[in-house]
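Undergrad: Below are the structure tokens for one structure; questions will follow.
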Amino acid sequence: MNRIRRALSLVLLSASAAFSLGAQAQNRELIVASSATYAPFAFENKDKQIVGFDIDIINAIAKQQGLKIKIVNTPFTGIFGALNNGDVDLVISGVTINEKRKQSYDFTPPYFAARQLIALPKNSKVASLKDLAGKKIAVVSASTADDIASREFGKTSPDIRRFESTPLIISELAGGGVDAAMGDNGVIAYRVAQNPDLKTLDDKSFPEEGFGIVVKKGDKALLDKLTAGLAAIRADGSYVTIYKKWFNKDPNVR
């Protein structure tokens, strides 16, 4: 009888420990990577807090799903490496969903509709992407703009200048170091609006794109929570409120 009691006690202790570990895993803080050089999606305010459209979106999703999150400023050039290494659990940083990335990562449905946009000096005669042949182009390394420029002009072209962030490519353009800068429409338009010597060019050949929240391939439990949270904030009107706060117009994707 004593042996049976001891055996039952061990079973109960094991079950209790497993439940405790499961609860800890369920309630653990998720690390969110975002590159805070990407206004108005993610950037540091005057108090060094990371704010922006992406930040409000992930905070709203986390609140809706009861998730604990910590947002970490991560350079875009290292953001996928951080996810691969397990240093972060998910990424929200204006990441374009494309077939190449979907081979390595899983994405939520799009939370923002985007396309590429070219920034130019006000007096530039460039009228399309093809007109940039032989001219110096600044892009963020490993971005969609980098992929497009590499396909159009060759990955090893000396005319493609790669930088770590959007502010750097706009600064390089404004300083005359390059002839054009290319990136996502939301952030390029935001930066150009602050510089009266620059203008934007929308090449109609650029495809429509969507930004998605990124998790490791096969992390279905987390992906399902994020997808459900995104659907919920769209349904309850939170998404529209956040979108209007940052873009002062109705959403381009619902």
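Undergrad: Here's a check for you: in region 127-146, which residue that is of a type outside the set (Gly, Ala, Ser) and farther than 25 Å from THR37 by Cβ is most open to solvent (accessible area, probe 1.4 Å)?
TA: LYS130
Undergrad: Just name the residue that is nearest to the chain's Cα centre (by Cα) out of those in region 204-223 that are closer than 21 Å to ALA113 by Cα and open to solvent by 60 Å² or more (accessible area, probe 1.4 Å).
TA: GLU208
Undergrad: Then there's this: Considering only residues that are under 13 Å from the mean Cα position of the chain (by Cα) and outside any loop (DSSP other than H, G, I, E, B), look in region 25-50 and name the one that is nearest to LEU226 (Cα to Cα).
TA: This residue is VAL32.
Undergrad: Given (1) closer than 27 Å to TYR239 by Cα; (2) exposed (fewer than 14 other Cβ atoms within 10 Å of the Cβ), identify the lone condition not met by THR96.
TA: (2)
Undergrad: Here's something else I'd like to know. Quick check on my filter: what residues within region 40-71 are surrounded by fewer than 16 Cβ atoms within 10 Å (Cβ to Cβ), within 27 Å of GLN194 (Cα to Cα) and in contact with a strand residue (DSSP E or B) (Cβ under 8 Å, 6 or more places away or on another chain)?
TA: Within region 40-71, GLU44, ASN45 qualify.
Undergrad: For region 192-211, enumerate the residues that are outside any helix (DSSP H, G or I) and among the β-branched types (Val, Ile, Thr).
TA: Hit for region 192-211 is THR200, nothing else.
Undergrad: Which residues, counting only those in region 102-117, are of a type in the set (Ser, Thr, Tyr) and either part of a strand (DSSP E or B) or within 19 Å of ALA149 (Cβ to Cβ) (or both)?
TA: If the condition is that a residue be of a type in the set (Ser, Thr, Tyr) and either part of a strand (DSSP E or B) or within 19 Å of ALA149 (Cβ to Cβ) (or both), then TYR105 is the only one that fits.
Undergrad: Consider ILE242 against the criteria (1) open to solvent by less than 70 Å² (accessible area, probe 1.4 Å); (2) in contact with a strand residue (DSSP E or B) (Cβ under 6 Å, 6 or more places away or on another chain): it satisfies all of them except one. Which criterion is unmet?
TA: With respect to (1) open to solvent by less than 70 Å² (accessible area, probe 1.4 Å); (2) in contact with a strand residue (DSSP E or B) (Cβ under 6 Å, 6 or more places away or on another chain), ILE242 is out only on (2).
Undergrad: Pull out all pairs, ordered by first then second residue, where Cβ-Cβ is under 9 Å, the residues are six or more apart or on different chains, the first lies in region 218-238 and is free of Cβ contacts under 8 Å to residues at least 40 places away in the same chain and within 15 Å of ALA60 (Cα to Cα), and the second is hydroxyl-bearing (Ser, Thr, Tyr) and open to solvent by less than 40 Å² (accessible area, probe 1.4 Å).
TA: Going by the 9 Å Cβ cut-off, the qualifying pairs are ARG234/TYR111.
Per-residue answers, yes or no, for (1) at pLDDT 95 or above; (2) outside any strand (DSSP E or B):
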{"site": "LYS100", "(1), (2)": "no, yes"}
{"site": "ALA119", "(1), (2)": "yes, no"}
{"site": "LYS135", "(1), (2)": "yes, yes"}
{"site": "GLU152", "(1), (2)": "yes, yes"}
{"site": "PRO158", "(1), (2)": "yes, yes"}
{"site": "ILE169", "(1), (2)": "yes, yes"}
{"site": "LEU173", "(1), (2)": "yes, yes"}
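Undergrad: What number goes with the only condition from (1) small (Gly, Ala, Ser); (2) open to solvent by less than 20 Å² (accessible area, probe 1.4 Å); (3) under 19 Å from the mean Cα position of the chain (by Cα) that ALA149 does not pass?
TA: (3)
Undergrad: Does region 73-80 contain any residue that is in a strand (DSSP E or B), at pLDDT below 95 and not small (Gly, Ala, Ser)?
TA: Within region 73-80, not a single residue is in a strand (DSSP E or B), at pLDDT below 95 and not small (Gly, Ala, Ser).
Undergrad: Please state which of the following conditions ALA189 fails to meet, knowing it meets all the rest: (1) outside any loop (DSSP other than H, G, I, E, B); (2) buried (at least 18 other Cβ atoms within 10 Å of the Cβ).
TA: (2)
The values are calculated or read from the model by the stated rules, or taken from the named source; none is laboratory data. Everything numeric in this text was worked out from a predicted model, so none of it was measured. Here the Cβ is made from the backbone with ideal geometry for all residues, glycine too, and neighbour counts use every protein chain on show. Surface accessibility is based on the protein's heavy atoms, side chains included, excluding ligands, DNA and RNA. Shrake-Rupley method; radii C 1.70, N 1.55, O 1.52, S 1.80 Å.
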